[in-house]
Amino acid sequence: MLALLCSSAAYNVAVTGATGWTGRLVVDSLLKSGHSVTALVRDGDKAASVLPAAVACRELDLATAGAEEMRTACAGADKLIWCATGFTDAGELIDVRGMKELVPGAIAATGETPAVVMLSSAGVTRPAWDDAKKELRAWRRRQTPSKNLHAANASSRRGSSAAPTSPSSA
């Protein structure tokens, strides 16, 4: 991201999670560096209240959006910065699901592979999560040990129908 901020060229940058703590810092830095910013946001009203007027906003729920919605949201973006985090209603990490959909959507929108920066403040913000989110995260980690995460992701891309039982249904 530092190279992007130091670049003399002005880019059109799409930012997910732009209304969050890290996202707002990224948006401010991009604007100060002369870039155009499109915030991909779940809540347009919140975005209007916390983001500068210079930021274009496109509503996009990363938990449910499909490839076509991602393509539309990424139209015109030269670069993508991912600052979103959280879970879908089914307990899937937004980071994993969204990145699987967002990059192909951006490629479809621009015809080329965009530069993508993925940031995470989860190590700082997760201590503030409520107990239910912490329990779900811990359960998911037990179901997919980190050394097997790549294999699990590959399996889900192939359409594996095997799904573990969630903590609420166990």
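The values are calculated or read from the model by the stated rules, or taken from the named source; none is laboratory data. Predicted model only: the values in this text are computed from it and were never measured. So basically every Cβ, Gly included, is an ideal-geometry build from the backbone, and we count neighbours across all protein chains shown. We work out accessible area using only protein heavy atoms, side chains counted, and drop any ligands, DNA or RNA first. Shrake-Rupley method; radii C 1.70, N 1.55, O 1.52, S 1.80 Å.
Here are the numbers for this structure:
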read-out	value
Cut-off under 5 Å, modelled amide H: who pairs with Val117 long-range	Leu80, Ile81, Trp82
Accessible surface of segment 1-79 [probe 1.4 Å, protein heavy atoms]: carbon and sulfur percent	51
Lys/Arg +1, Asp/Glu -1 at C-beta; segment 1-119 dipole; positive extreme among Ser33, Phe87, Pro114	Ser33
Distant-in-sequence amide H partners of Gly17 (H built 1.01 Å from N, under 5 Å)	Leu40, Cys83, Ala84
Cβ-defined net charge surrounding Thr19, 14 Å radius [Lys, Arg +1; Asp, Glu -1]	-1
Estimated inter-spin distance, Asp45 and Ser29, nm [label 7 Å along Cα→Cβ]	3.1
Formal net charge of residues neighbouring Glu69 (Cβ-Cβ distance under 15 Å; K, R +1; D, E -1)	+1
